[in-house]
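What follows is a set of notes on a single structure, which appears directly below.
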Amino acid sequence: MIKHVVCFKLKENSAAEKQRTKEMLCSMQGKVPQIQELFVGIDFLESERSYDVILEVVLQDRAALDAYQADPYHVSVVKKH
């Protein structure tokens, strides 16, 4: 099992943009077959050190991580954001 964790600092970090980002990340569930579990958290502390959004994806192994990184939906929708 691999946990792939990504921390985001958004250029525009309004509550609406954080929510839009969360929804976009959550949209991978069911569209990217390598994902076993997906969690997205939005920062509520809003400290200077905080990240705005956190993504945690659970994948089976290194091969699944490599396939996830190259997945067409992940590349064309998520990475462009």
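Bear in mind that the values in this text are calculations on the coordinates, not laboratory data. As the structure is a computational prediction, the values presented were derived from the model and not from experiment. Note: ideal-geometry Cβ built from the backbone for every residue, glycine included; neighbour counts use all protein chains shown.
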S27/E48 FRET efficiency (R0 22 Å; Cβ-Cβ; nearest 0.05): 0.15
Dipole magnitude of the chain about its Cα centre (Cβ charges: Lys, Arg +1; Asp, Glu -1), debye to nearest 20: 180
Cross-link reach list, aspartates and glutamates versus K3, counting only Cα pairs under 16 Å and skipping chain neighbours closer than eight places: E37, E56, D61, D66
Globularity ratio of the chain, using Cα Rg and 2.2 N^0.38 Å: 1.10
